[in-house]
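Below you will find the structure I want to go over with you.
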Amino acid sequence: MARAEIIVDLDAVRDNAAVLRQRVDRPLMAVVKADAYGHGLLPCARASLAGGADMLGVAVLDEALLLREGGITAPILAWLGGPGEALTRAIETDVELSVSALWGLAEIQAAAREVGRPARIHLKADTGLSRGGATPTDWPDLVDATVKARASGEIDPVALWSHFVYADAPGHHTVDGQVAVFAEAVDIAESAGLRGLGKHLANSAATLTRPDTWLDMVRPGIACYGLDPLGGDPASHGLRPAMTVRAEVALVKRVPRGTGVSYGHAYVTDRETGLALVPIGYAEGVPRNATNVGPVWVGGSRRRVSGRVCMDQFVVDIGDDDVRAGDEVLLWGPGTQGEPTAQDWADALDTIHYELVTRIGGRMIRRYVGGDA
Ligand SMILES: *Cc1c(COP(=O)(O)O)cnc(C)c1O
């Protein structure tokens, strides 16, 4: 047992991929960016592939190269790069690249020429998110340039794609609007000669709620880790949260009524009570605004962070319960023992579970269970 650790259930990651893959019955790109949303890049990539994922998605090229160095041979798409990236390395290792602008296409083509083999690219349309992708105004030029580049043999366009603004509100008008803008972008590409390419749009929310957006492949991220992008119960989709965050009580003490707790005395005891010291803090990614609101499971019941979250520690008012140094504290987990979930934390802190699972870490160790752990 460790002072503080993140337990990742690789069987849950594998099973979630299998549930999603079966549901959509078409290729699935498991998104493993940001260290697999804080769950561990390589083990989660392997578990997702074991569950039937056909491809992996990452944001930046370094993540793709780490996957290759880790022996992952599945197709990988990396979609976020600036000028001057290690593109020859990407092409040599069969990493597929997203293209949103003419300069990006030119850089990839130059790198492909240097390597001596074609680069596989996914042309990205900006259908309304105003993040990556070419706007409807810029799209026809990007398509024409791609058709020319393909003729050189240096560029192999394999897919057309885009990303949703607000699929976590499935009935939101932007979803239909983006589907329509994407259909126009596809028409333009096909008229210009880019036919038979794969098309993909759906993140987790769309994978769970909008079959009309599944097209030729889906790209779920958060759902692979068992969290519901719609803020509901993941079990209703057959998903299981993979992450448990646990620590061990470092110290317990009795204090009188009126005792101020932690920096600024943001919590004051309203009776004689017990306090338990938990040895993780914002350096581990416990948000400082969990002060007085973050739910924790200690000694068989749910309590709250009492007073400020410090860099290395926080305190929990345990009342008169028999909690001892060394006892387990759960911040979040699948919820099966009554412990809070990452969704409960998100609700208490007015954020999303994506942010919580991705930022937790620091000095905590990560321990894998299940899979080939
Ligand atoms: C992060 C990301 C995804 C996955 O999103 P989830 O909401 O976690 O399913 C898919 N596509 C792109 C472009 C992304 O950036």
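Quick note: the coordinates plus some simple rules give every number you see, no bench work behind them. Quick caveat, the model's predicted, so the values are computed rather than measured. Every residue, glycine among them, receives a Cβ derived from its backbone with ideal geometry; neighbour counts consider all protein chains shown.
Step through the residues of region 342-349 one at a time and calculate ³J(HN,Hα) from phi using the Karplus curve (6.51 cos²θ - 1.76 cosθ + 1.60, θ = phi - 60°), rounding each to whole Hz and writing x for Gly and Pro.
Calculated HN-Hα couplings, in order: 4, 5, 4, 5, 4, 5, 5, 9 Hz.
Which FRET efficiency value, to the nearest 0.05, do you get for T73 and E272 by plugging their Cβ-Cβ distance into 1/(1 + (r/R0)^6) with R0 = 45 Å?
Efficiency, from the Cβ-Cβ distance: 0.15.
Moving on. Indicate, rounded to the nearest 5 percent, the antiparallel portion of the DSSP beta bridges found entirely in the chain.
So the antiparallel bridges amount to about 50 percent of the total.
Also, I was wondering about something else. Could you work out the Kirkwood radius for the chain, taking every pair of different alpha carbons, averaging 1/r and inverting it, reported in Å?
Numbers: mean 1/r = 0.0450 Å⁻¹.
When all Cα pairs of the chain are included, the Kirkwood radius is 22.2 Å.
Next question. Can you tell me, using C-alpha contacts under 8 Å and at least 6 residues apart, the relative contact order of region 243-369 as a whole percent? Write out the running numbers ahead of the final one.
Numbers: 314 pairs, mean separation 35.6, N = 127.
For region 243-369, the relative contact order is 28 percent.
Follow-up question, since we're still on this one. Which translational diffusion coefficient, to the nearest whole µm²/s, is obtained for region 130-278 from the Stokes-Einstein equation, given a Kirkwood hydrodynamic radius over C-alpha pairs, 10 °C and 1.306 mPa s?
80
May I pose another question? Kindly express, to the nearest 10 degrees and within the range 0 to 90, the angle between helix 41-50's C-alpha long axis and the longest C-alpha principal axis of the chain.
The helix 41-50 is inclined about 70 degrees to the chain.
For region 259-322, build the convex hull from the C-alpha positions and give me its volume per residue in Å³.
72
Now, a different point. How long are the semi-axes of the equivalent ellipsoid of region 243-369, defined as square roots of 5 times the Cα gyration tensor eigenvalues? Whole Å, largest first. Before the final figure, lay out each step's value.
Working: eigenvalues 101, 49, 36 Å².
Those come to 23, 16, 13 Å.
I'd like to know how region 44-127 sits against the 2.2 N^0.38 Å rule of thumb: what's its Cα Rg over that expected value? Present the calculation step by step, with values, prior to reporting the outcome.
On the way: Rg = 12.8 Å, N = 84, 2.2 N^0.38 = 11.8 Å.
Region 44-127 yields a ratio of 1.08.
Moving on to the next point. With a cap of 15 neighbouring Cβ atoms within 10 Å, and only residues DSSP puts in a loop, list the trypsin sites (Lys or Arg not before Pro) found in region 1-87.
Sites meeting the loop and neighbour criteria: R3.
Where the centre of each part is set by its Cα atoms, how far does region 177-212 sit from region 245-267, in angstrom?
Each part reduced to its Cα centre gives a spacing of 53 Å.
Under 23 Å between alpha carbons, and skipping anything fewer than 8 positions from K33 in its own chain: which lysines qualify?
List returned: K124, K199.
Classify region 10-225 from the C-alpha gyration tensor, please: rounded if a/c falls under 1.5, else prolate or oblate depending on whether a/b exceeds b/c.
Oblate, since a/c reaches 1.5 and b/c is not below a/b.
Rounded if a/c is under 1.5, else prolate if a/b beats b/c, else oblate: with a ≥ b ≥ c from the C-alpha gyration tensor eigenvalues square-rooted, which is region 247-295?
oblate
On to the next question. Could you please state, rounded to a whole Å, how far the C-alpha centre of region 314-350 is from the C-alpha centre of region 57-88?
37
Once you sort the root eigenvalues of the Cα gyration tensor of region 83-136 as a ≥ b ≥ c, which label holds: rounded (a/c under 1.5), prolate (a/b larger than b/c) or oblate (the other case)? All intermediate terms of the calculation are to be shown ahead of the outcome.
On the way: a/c = 2.57, a/b = 2.25, b/c = 1.14.
Note, shape of region 83-136 comes out prolate.
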